[in-house]
Amino acid sequence: MLIELTALHWIYVTFIVLIIGFMVMKRDTSIICIVGIFLIALTASGSLSHSISSIFNSFSYAITELLSTILVISIIVAMSHTLTSTGINDVMISPFRKLIRNPTLAYWTIGILMMVISWFFWPSPAVALLGAVLLPVAIRAGLPALGVAMAMNLFGHGIALSGDFVIQAAPKLTADAAGLPIQDVINASIPLVFIMGLVTTVTAFYFLRRDMKRGNLKVSSTVLPNSPDEKADEQGLLSLAQKRFFAILVPLLFAADVAAMSILDLTGGDATALVGGTSILILLLITLTSHKNKGLEKTTHYLIEGFQFGFKVFGPVIPIAAFFYLGDSGFTKIIGDFLPKASHGIVNDLGIALAGIVPLSKTVGAITLTTVGAITGLDGSGFSGISLAGSVAGLFAVAIGKGAATLTALGQIAAIWVGGGTLIPTKDMK
């Protein structure tokens, strides 16, 4: 099929290259994306006012597409703050202290627990829920603090976040950019996530034990300080029996969510809504029980904290997503019906043209997506560039003729393992 590439296609490609270049230099790309949106809109419509409006419309479109994801993460973070401030997290984690009897058990227990909690709470809140409670226990068992950090990062910011099977924020971004259903990307990512996870965690544990035996890594007697005094007062608002009740109730409710997802075949937005609604109910129950007459005000306070976190994470994501939505169906909704009549969308057109010019293979596609994903993570935010990975995956999949979901998942995993806090310290999710 002969595809005519217009100025729109070349501008889109130019800005993809510019975005990648700026990410390599570890510079923010928001302005680059905004300029790209403006030039594409100006070239398509020929109207200055329409082009300026398209910048705002692209942001509005991106936020609308991502709103459910932003909301669920914000609400989960708000809920995690209630668990931490009331001391319920201590009770939830306490049964696992008995398993931590030596460095090996400490590493694997903390890691697996971090992975499971991160699937439901996201890694940053999971660190708060888990770290302060189990770090002193792990150190007493003989695992250095660095070993605890390695386990929490590899299992949380690595395995859990790169797959993001429950909250589905990461696959939402990459799937939208690649023009795929979320569930396709999730299914394709499962073997990739666990192979990556198995290799990295086992290798890290081997080097950790080796350095401990050689004396290069020693256990420090210094542990994290106790919780701030102001939180000690809040923790005293619940009796031990109440804390135990909520410590049992919270996991049971999320387990019920997982069961409902399986039985009712809930995926994508439906699954996200179920997790978000459950988190709101838990937030209300705990806050009203612990703060009683001040529960109304405290609920708002926790929600504000959650939304601050959510928009801090997605602030740099929205301009990038807005640009890459132009590569697919978002173009018509944002700018209008200005594409050539034979066009199937900018990314699809480029993919078909690429297939006709360069003979691509699955190997070339896999290496390219891994590289692109890793580059997008160099800025320290695993999420800011995964829309780029999804868009490039869609382009290569069209050129190769198959493998869209796998290439998308591969780019997503590479981006998050590099920039989500595992290799490059994260700057946007603290």
Go through segment 264-300 and give me each residue that's in a helix (DSSP H, G or I) and more than 18 Å from Thr84 (Cα to Cα). Gly268, Gly269, Asp270, Ala271, Thr272, Ala273, Leu274, Val275, Gly276, Gly277, Asn293, Leu296
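Yes or no: Thr203 open to solvent by 50 Å² or more (accessible area, probe 1.4 Å), of a type in the set (Ser, Thr, Tyr) and either within 25 Å of the chain's Cα centre (by Cα) or at pLDDT below 90 (or both)?
Numbers: open to solvent by 50 Å² or more (accessible area, probe 1.4 Å): yes; of a type in the set (Ser, Thr, Tyr): yes; either within 25 Å of the chain's Cα centre (by Cα) or at pLDDT below 90 (or both): yes.
So Thr203 passes the test.
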Under 6 Å by Cβ, and 6 or more places apart or on different chains, what pairs join a residue from segment 235-263 that is more than 20 Å from Leu130 (Cα to Cα) and part of a helix (DSSP H, G or I) with one that is open to solvent by less than 60 Å² (accessible area, probe 1.4 Å) and of a type in the set (Gly, Ala, Ser)? Met261/Ala271
Does Gly156 satisfy the condition of being part of a helix (DSSP H, G or I) and buried (at least 24 other Cβ atoms within 10 Å of the Cβ)? yes
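Would you confirm, using the coordinates I've provided, whether Leu198 is assigned to a helix (DSSP H, G or I), open to solvent by 30 Å² or more (accessible area, probe 1.4 Å) and at pLDDT 90 or above?
Working: assigned to a helix (DSSP H, G or I): yes; open to solvent by 30 Å² or more (accessible area, probe 1.4 Å): yes; at pLDDT 90 or above: yes.
The answer is yes for Leu198.
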Only one of Ser94, Ser58 is modelled with pLDDT of 90 or more, in a helix (DSSP H, G or I) and polar (S, T, N, Q). Can you tell me which? Ser58
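Look at Leu105 and say whether it is assigned to a helix (DSSP H, G or I), open to solvent by 20 Å² or more (accessible area, probe 1.4 Å) and touching a residue at least 12 places away in the same chain (Cβ under 8 Å).
Working: assigned to a helix (DSSP H, G or I): yes; open to solvent by 20 Å² or more (accessible area, probe 1.4 Å): yes; touching a residue at least 12 places away in the same chain (Cβ under 8 Å): yes.
Answer is yes for this residue.
Being open to solvent by 20 Å² or more (accessible area, probe 1.4 Å) and within 22 Å of Phe323 (Cβ to Cβ) is the filter here; which residues of segment 159-177 pass it? First the steps, then the outcome.
Narrowing segment 159-177 to residues open to solvent by 20 Å² or more (accessible area, probe 1.4 Å): 165, 172, 176.
Within segment 159-177, Lys172, Asp176 meet the criteria.
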List the pairs whose first member sits in segment 203-228 and is within 17 Å of Val133 (Cα to Cα) and of a type in the set (Gly, Ala, Ser), whose second member is open to solvent by 60 Å² or more (accessible area, probe 1.4 Å) and at pLDDT 50 or above, and whose Cβ atoms are under 7 Å apart, counting only residues at least 6 apart or on separate chains? none
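Does segment 117-124 include one or more residues that are open to solvent by 20 Å² or more (accessible area, probe 1.4 Å), modelled with pLDDT of 85 or more, in a helix (DSSP H, G or I) and in contact with a Leu (Cβ under 8 Å, 6 or more places away or on another chain)?
yes
Checking the condition over 23 Å from Val418 (Cα atoms) and not β-branched (Val, Ile, Thr), which residue from Leu154, Leu143, Leu130, Leu161 passes?
Answer to the check: Leu143.
Regarding segment 71-78, can at least one residue be identified that is open to solvent by less than 30 Å² (accessible area, probe 1.4 Å) and under 25 Å from Ala393 (Cα atoms)?
So in segment 71-78, the residues open to solvent by less than 30 Å² (accessible area, probe 1.4 Å) come out as 72-78.
After this cut, where a residue has to be under 25 Å from Ala393 (Cα atoms) as well, the list is none.
Scanning segment 71-78 turns up no residue that is open to solvent by less than 30 Å² (accessible area, probe 1.4 Å) and under 25 Å from Ala393 (Cα atoms).
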Go through segment 134-153 and give me each residue that's surrounded by fewer than 23 Cβ atoms within 10 Å (Cβ to Cβ), in contact (Cβ under 8 Å) with a residue 60 or more places away in the chain and assigned to a loop (DSSP other than H, G, I, E, B). Gly142, Pro144
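Taking the conditions exactly as written (in a helix (DSSP H, G or I), in contact (Cβ under 8 Å) with a residue 12 or more places away in the chain and either surrounded by 17 or more Cβ atoms within 10 Å (Cβ to Cβ) or out of contact with any helix residue (DSSP H, G or I) (no Cβ under 8 Å at 6 or more places or on another chain) (or both)), does Thr332 satisfy them or not? Break it down into steps so the answer makes sense when it comes.
Numbers: in a helix (DSSP H, G or I): yes; in contact (Cβ under 8 Å) with a residue 12 or more places away in the chain: no; either surrounded by 17 or more Cβ atoms within 10 Å (Cβ to Cβ) or out of contact with any helix residue (DSSP H, G or I) (no Cβ under 8 Å at 6 or more places or on another chain) (or both): yes.
So Thr332 does not fit the description; no.
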Just to be sure, is Ile16 in a helix (DSSP H, G or I) and at pLDDT below 90? yes
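Test of understanding: among Gly21, Gly46, which residue is under 25 Å from the mean Cα position of the chain (by Cα), free of Cβ contacts under 8 Å to residues at least 60 places away in the same chain and under 26 Å from Leu350 (Cα atoms)?
Just one listed residue meets the conditions, Gly21.
How about segment 268-283: which of its residues are crowded, with 16+ Cβ neighbours inside 10 Å and within 19 Å of the chain's Cα centre (by Cα)? Lay out the reasoning, then the answer.
Start the filter on segment 268-283 by keeping residues that are crowded, with 16+ Cβ neighbours inside 10 Å, which leaves 268, 271-272, 274-276, 278-280, 282-283.
Result: Gly268, Ala271, Thr272, Leu274, Val275, Gly276, Ser279.
Is it fair to say Gly197 is at positive phi and either small (Gly, Ala, Ser) or in contact (Cβ under 8 Å) with a residue 60 or more places away in the chain (or both)? Give the steps one after another, and end with the answer.
On the way: at positive phi: no; either small (Gly, Ala, Ser) or in contact (Cβ under 8 Å) with a residue 60 or more places away in the chain (or both): yes.
No; evaluated as a whole, the condition is false for this residue.
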Segment 40-65, subset more than 14 Å from Thr332 (Cβ to Cβ) and hydrophobic (A, V, I, L, M, F, W, C), residue least open to solvent (accessible area, probe 1.4 Å): Ala62
Has segment 305-328 got any residue that is within 30 Å of Thr86 (Cα to Cα), in contact with a Phe, Trp or Tyr (Cβ under 7 Å, 6 or more places away or on another chain) and either without any contact (Cβ under 8 Å) to a residue 12 or more places away in the chain or open to solvent by less than 10 Å² (accessible area, probe 1.4 Å) (or both)? yes
Report, by residue number, each residue of segment 167-199 that is under 14 Å from Ala393 (Cα atoms) and in contact with a Phe, Trp or Tyr (Cβ under 9 Å, 6 or more places away or on another chain). Pro171, Leu173, Asp176, Ala177, Ser189
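The values are calculated or read from the model by the stated rules, or taken from the named source; none is laboratory data. None of the values given here were measured: they were computed from a predicted structure. Note that we place each Cβ from the backbone using ideal geometry, even for glycine, and neighbour counts take in every protein chain shown. Note: areas computed on protein heavy atoms with side chains; ligands, DNA, RNA excluded. Shrake-Rupley method; radii C 1.70, N 1.55, O 1.52, S 1.80 Å.
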